[in-house]
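The values are calculated or read from the model by the stated rules, or taken from the named source; none is laboratory data. The structure presented is a predicted model; accordingly, all values stated were derived computationally and were not measured. Cβ placement follows ideal geometry from the backbone for every residue including glycine, while neighbour counts extend to all protein chains displayed. Remember, those area values only see protein heavy atoms, side chains included, never the ligands or the DNA or RNA. Shrake-Rupley method; radii C 1.70, N 1.55, O 1.52, S 1.80 Å.
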Amino acid sequence: MTKRHFFWVLSFFLLTFFSFSASAASYDPKLHWKTASTEHFHLNYPETVEQSTVHLSAKYFEEAYSLHTKTFNWKPRGKVEVVLIDNTDEANGLTSILPYNWIILYVVAPRAESTLSNYNNWLRLLIFHEFAHTVHLDAVAGMWRPVRFILGQTAAPNGMQPVWIKEGLATYLESTRTGKGRANASLTEMMVRTAVLEQRFPKISEADGFQWEWPSYNLAYLFGVEFVEYLANTYGEEKIVAFTERTRRSPVFFMINRHAKKVFGKTFYQLWKDWEKSLEIKYAEFLNPNTSFTSSFSLHTKEKDEQQEAPSISPDGQLIAYASTSPHHGNEIKILNLKTKKITKFAVQHEATQMAWTPDSSKIIYSALQRHKRYNRFFDLWEYDVKSKKHKRLTSGMRARDPVVSPDGKEILFVRGDERGDNLYVYTLETRKAKLFTKETLNHVQLSRPSWSKKNNLIAVSVHRLEEGWKMYLLNPKTKSFARISKSVADERDASWQENGEKLFYISDAKGIFNLFVYDAKHQSIAQASHLKTGIFSPSSADGKTVYAQVYNADGYELQQLAVEHSTQRPALQKNLSWTDLKSKKTETENEESVVLKEGKYSSFGKSLFLPRFIVPIAFYTGETFIAGGFTGGTDILNRHAWQAGGTYRFDAKHPGYFANYSYNRFRPIFGFGIQDSVVYYGNVFFPNTARVVQYFEERRNSYAYVAFPIKRHSFSTTYFYEDRFPQSNLTAAEASLLTTGKFAGLSFGYNYSSLGKTAAAISAEQGRKVRLSTSVTNHRFGSDASNEQTIFSGDWREFVKTWGHQVLALRAAGGITFGDTINQGTFGMGGALGEGAFGAGGSLFYLPLRGLPISAISSTRAMLGSAEYRFRLASPQRSLGTWPFYLKNVHASLFADYGNGWNSGEKDGANFKEFFGDFLLGVGAELRADFVVGYGLPVVGRLGYGIIVVNRDRLNGVKDDLLNTDVKNGVIILQFGTSF
């Protein structure tokens, strides 16, 4: 057997630290982009984005710059690149400082049910949050200034702070600087209050929000901002800033408790406990036995970790449909029979929002968010027939959500929104066409969950206007006039008419807690109908006496029922407004002059975005030696062009290597080219003609150019390559003559397919398949030496089957075959399980992992491998080691069997079945695995295992374990990052 160790590890660093490597276009290539520049920002946007959005963004960014740079006493160098885009119905933003400072804003406003919904001016709040990240993460001081000069943006000590600090601080600034935001939201307080009252308050080790259990990511944002606000109120905001100033200059920036004690006088562990005690005092009144609260009851036992939302009762009062989400299964809509308690369910591709029944209770109309034409994510309407259990899509790319069926069942009223705001549209079922429901469109107004009364034909809808918040209005379809139903300054939403149209149920946080309210249409009065200490949402009632709703508890949202309470009624406000009156008026800040903009056509060049802005050092151990080096790169903000380059040094071979590549990603297909110089290590090779054993290294210099075309789950690629191979070790002419070196040039063709499915709580892929196929042809016509003409076929087929819970049966078949001239060193390597994924060096079609062998134990021109694993969970700690940058999600194990062999051309010609498989090796064993998050953001799988060859073990004479240097016949220890497959 010949030992061979490929230079796989380099690819990990390129993919992990340089995420803008070749990929399909992020944005629709048909869009025409422009750039508007201010003193400190470049705003890049497609022409489809409104000019008013661009000008307001410029104004708010410069306002945020003035405030945040003073707060942090730091000014980012150069201009910040910003993308303004309206290609999704999910409100969000994204900030990074690598390879330079950039921000992406998805400018559509959030829906009322979102945790982001507490805003007065969404665009301004979003900008204040995202730019707070920029200033906080970019800041350096002390010893980090010269390091920043050398390594560029890689030197960012504040980037290695816990997520709850980074997000909590940005959310705190979003809230204190705008007067709204999540720190001032009733939803935020509800989650924190409920955790205290139900004695489920999280530990600080859980606060980064990486867990799949509720409240998941909300911990970092909502609990994070409440904790930061507590620190600000207790010690002063200046102390928080002082903490960030210490960490950005300290060589031990990651020792955050040391810095906290210097600034606050206590560690974060102590401060977190102090905060929890203060909350227990604050909410003690809710535990007073003399205080009366509304009782609500579960309709049935919900699944573990399930979230039950948006319930809707059928007109006949017999069925309730609701959305079910869970980290253990895909999104579903469930239908509960109130009489039999039987549940039927059907899967939906994405999370459903509001559901509406047709008048005869036979169909459900719902909206769901999904991808549209590859580059967009929009809401659309769907129809589900309860009896036939068939789906039908009603709209495509219409951005249609929150449907309600008209009293006669012929039309569907829905909300359609974009960056300019929301409007009501009506879809006619007979013609399958939609049109604007009102006389004219609205601007800067958001709408939520309309409900259509059967009795008086009124439409209730929650309306958000600039600086006003969410308020409940009644719309008269005939006159198109609006009327507010109350004078409350609180949020009012989730409208739902009683089936006979006499009462309108909705929720309001009038007293700081979302409770149920009822509007009596006949008497035009309002009364509070529940007194919960947590929160209630999405009420639905058929008889006006019993309400079904999603009620909050420490485990999340649950479908519950409660009786309507009778309380003091007060007159409703009935001031009519026209459609024009409803339009948001320009706020005072918008009426001021905007900043000066320099506008022009977008160019990927000319802004120094392709200059190297960072250097990532590389240092790792291969099993035989150390490799050190570094790389850098650049890209424009739209990721149309990207390049990377770097150098390495392998110490045992004393070899300096290099690599560089470029890709053009605007369109499909993707184009790219590159060069690389590296060393392949074959171990100790015996040369019979000289009787010498040589530690053999082979240097490979190659260049390549490729084109790749992704189509949904498929990807096709063609690559031209030119590679020169020659011994890097000192060999005699006789020894060199036994090796196959020289020039290899030709074409390779690749095909990839993936339908893998994985839930949030999964320990691996749980369903679907992944296929990779490759054909490589070298020929003298392409520049190859005449003695190096080959055709190589290789492939990898994987299947994943979920058996029970999160236990998975994983299967793999892989192999390759070479025709033509023989490479004496071999084409395929087989041996120990190099891992795939972060920090893993596996994944090549030319390396087949057979556990029980050391790394690269076999080299051959043909190879075949079959693998089976049974994977099962052992535990899910879902917490970090205190505040250290090491988070443990899951611990799981696998039992495996690998069956395979490598052989050379001609060795098995004419062999029968028994002879062909007679010398195949069977390796069996077990692995203990763990899912980590390191550095507050990088997911890693680590594994420790044991494998042993149990069939044809006699072939292993003299072979040693890489790790322990023991006889492989006794098995090998597996210690790797990443999974085998």
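Per-structure values
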| quantity | calculated |
| --- | --- |
| Cα-based helix-to-principal-axis angle, 51-72 vs the chain, degrees rounded to 10 | 80 degrees |
| Normalised contact order of segment 33-287, rounded percent, pairs of Cα under 8 Å and 6 or more residues apart | 15 percent |
| Computed E for K712/H328 - FRET, C-beta separation, R0 41 angstrom, nearest 0.05 | 0.95 |
| Hz values of 3J(HN,Hα) by residue in segment 541-546 - Karplus curve (6.51, -1.76, 1.60), Gly and Pro given as x | 9, 9, 9, x, 10, 10 |
| Residues with amide H under 5 Å from that of G672, placed H, sequence gap 5 or more | Y664, Y706 |
| Inter-probe distance in nm under a simple model that places probes 7 Å from Cα toward Cβ, at Q318 and A619 | 7.2 nm |
| Length-normalised contact order of the chain in % [C-alpha pairs under 8 Å, at least 6 apart] | 10 percent |
| Pairwise FRET efficiency - T301 versus A926, Cβ, R0 = 22 Å, nearest 0.05 | 0.05 |
| Percent accessible area from carbon and sulfur atoms, segment 33-287, protein chains only, probe 1.4 Å | 52 percent |
| Dipole magnitude (debye, nearest 20) for segment 33-287, charges at Cβ of Lys, Arg, Asp, Glu | 1200 debye |
| Calculated from backbone phi, Karplus (6.51, -1.76, 1.60) coupling profile of segment 860-877 in Hz, x at Gly/Pro | 7, 9, 9, 7, 8, 8, x, 9, 9, 9, 10, 10, 8, 7, 10, 6, 9, x |
| Normalised contact order of segment 296-580, rounded percent, pairs of Cα under 8 Å and 6 or more residues apart | 14 percent |
| Options (1) -0.20, -0.62, -0.80, -1.25; (2) -0.48, -0.90, -0.99, -1.17; (3) -0.23, -0.70, -0.90, -1.29 - which one matches log10 I(q)/I(0) by the Debye sum over Cα atoms at q = 0.04, 0.07, 0.08, 0.10 Å⁻¹ as calculated here | (3) |
| Residue pairs, from the table K392/K770; K410/K455; K30/K390, whose Cα atoms sit over 25 Å apart | K392/K770; K30/K390 |
| Whole-percent carbon and sulfur share, accessible surface of segment 493-566, 1.4 Å | 44 percent |
| 1.4 Å probe accessible area per residue over the chain, in Å² | 41 Å² |
| Karplus 3J(HN,Hα) series, Hz, for segment 328-343 with 6.51 cos²θ - 1.76 cosθ + 1.60 (x for Gly, Pro) | 9, 8, x, 5, 9, 10, 10, 10, 9, 7, 5, 8, 8, 6, 7, 10 |
| Neighbourhood net charge (14 Å Cβ-Cβ; Lys/Arg +1, Asp/Glu -1) for S186 | -1 |
| Helix 237-247 axis, angle to the chain major axis (alpha carbon atoms, nearest 10°) | 0 degrees |
| MRE, 222 nm, helices only [DSSP H, n ≥ 4, -39500 (n - 2.57), over the chain, to nearest 500] | -4500 deg cm²/dmol |
| Residue-span extension gain [L747 to T431] - 0.36 nm each, minus C-alpha spacing | 108.5 nm |
| Amide H partners (placed H, <5 Å) of T438, local residues excluded | L424 |
| When each of K342/K389; K522/K545; K341/K511; K339/K389; K273/K889 is checked by Cα-Cα distance, pairs over 27 Å | K341/K511 |
| Formal net charge of residues neighbouring T778 (Cβ-Cβ distance under 14 Å; K, R +1; D, E -1) | -1 |
| For peptides 272-278, 811-817, 118-124, sequence by mean Cβ density within 10 Å, most packed first | 118-124, 811-817, 272-278 |
| The chain - share of DSSP beta bridges that are antiparallel (%, nearest 5) | 95 percent |
| Proximal charge balance of F514 [Cβ under 13 Å; K/R count +1, D/E count -1] | -2 |
| Other-chain or far-sequence residues with amide H under 5 Å of G683's (modelled H) | H5, Y696 |
| Using alpha-carbon coordinates, inclination of helix 122-138 to the longest axis of the chain, degrees | 40 degrees |
| Sites S905 and L809, calculated FRET efficiency, Cβ-Cβ separation with R0 45 Å, nearest 0.05 | 0.85 |
| Additional length obtainable on full extension of the chain from F686 to L738, 0.36 nm per residue less Cα span | 17.6 nm |
| Extended-chain gain in nm, criterion 0.36 nm per residue less alpha-carbon gap, N970 and R701 | 92.9 nm |
